[in-house]
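Engineer: Below: one structure in structure tokens.
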Amino acid sequence: MRVHVADHPLITHKLTVLRDKNTASATFRALTEELVTLLAYEATRNVRVNEVTIETPVATTTGVALSEPRPLVVPILRAGLGMLEGMVKLVPTAEVGFLGMVRNEETLEPSTYAERLPDDLSDRQCFVLDPMLATGGSLGAAIDFLFKRGAIDVTAICLLAAPEGVAALEKRTAGRDVTLVLGALDEKLNELGYIIPGLGDAGDRLYGTV
Ligand code: PRP
Ligand code: URA
């Protein structure tokens, strides 16, 4: 698994505002979208393209176009939905599938409650969006799901991760083509499975407490 941790003062600045418990949902949503667009730039570095020939007003030249099948973007509901707009701004022709997952806050085990993805992901590049990688259970299950359907490579974009979750994901995805792009790698998980220092519950911060 390749891990890329963003190292840019603008990203760190925006993450600092997200982490602040006094930041309201509206600002939190706007910043999440901006952060994803910045991270997506790195995450799509190896997006597949093919050469095309075009006519400019004055000459013939070659350039590139995104290859078919088009990339698939998969936000993990609920919190990943807050990252979707920021991603499709950068890759407007991508297709979008959805996975709904929720972590049991006692056992920390994820369960899947919704799935809306193409049946066959053969030859697809997939981009999974989830702001938080804590134990890695949710993202690991999502990645397993995509490879079972035939995906050729998966890139996950997360705003924050705990080292414990990165290590678990590394083990779980061994031998597979997986890239993880992070806004920041935090210190640790606490005894309740929350990322420290983190930003709290991303879904609640985006959408309000359920
Ligand atoms: C959060 C987050 C991840 C998961 C991370 O979702 O968005 O999906 O927890 O934890 P893990 O790495 O230990 O699996 P949550 O289950 O709270 O659901 P929500 O998005 O509906 O709030
Ligand atoms: N899910 C969250 O939303 N935040 C955490 O810190 C851990 C899991």
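The values are calculated or read from the model by the stated rules, or taken from the named source; none is laboratory data. Just so you know, these numbers come straight off a predicted model, no measurement behind them. We place every Cβ from the backbone using ideal geometry, glycine too, and count neighbours over all the protein chains shown. The area values use the complete protein model at the heavy-atom level, side chains included, leaving out ligands, DNA and RNA. Shrake-Rupley method; radii C 1.70, N 1.55, O 1.52, S 1.80 Å.
Engineer: Taking region 175-186, which residues are in contact (Cβ under 8 Å) with a residue 12 or more places away in the chain and open to solvent by 10 Å² or more (accessible area, probe 1.4 Å)?
Structural biologist: R176, D177, T179, A184, L185, D186, listed by residue number.
Engineer: Do any strands (runs of 3 or more DSSP E) entirely within region 16-117 hold 1 or more residues that are within 16 Å of ligand 1 (Cβ to nearest atom), of a type in the set (G, A, S) and more than 21 Å from D177 (Cβ to Cβ), and if so, which? Walk me through it before giving the result.
Structural biologist: Working: elements: 49-55, 60-66, 72-77, 98-103, 110-116.
Correct list: 98-103, 110-116.
Engineer: Could you say whether any residue in region 110-120 is touching a Gly at 6+ places or on another chain (Cβ under 6 Å), under 25 Å from E42 (Cα atoms) and crowded, with 22+ Cβ neighbours inside 10 Å?
Structural biologist: no
Engineer: Could you check region 123-166 and list, in sequence order, the residues that are in a helix (DSSP H, G or I) and open to solvent by 10 Å² or more (accessible area, probe 1.4 Å)?
Structural biologist: If the condition is that a residue be in a helix (DSSP H, G or I) and open to solvent by 10 Å² or more (accessible area, probe 1.4 Å), then G137, S138, A141, D144, F145, F147, K148, P163, E164, V166 are the ones that fit.
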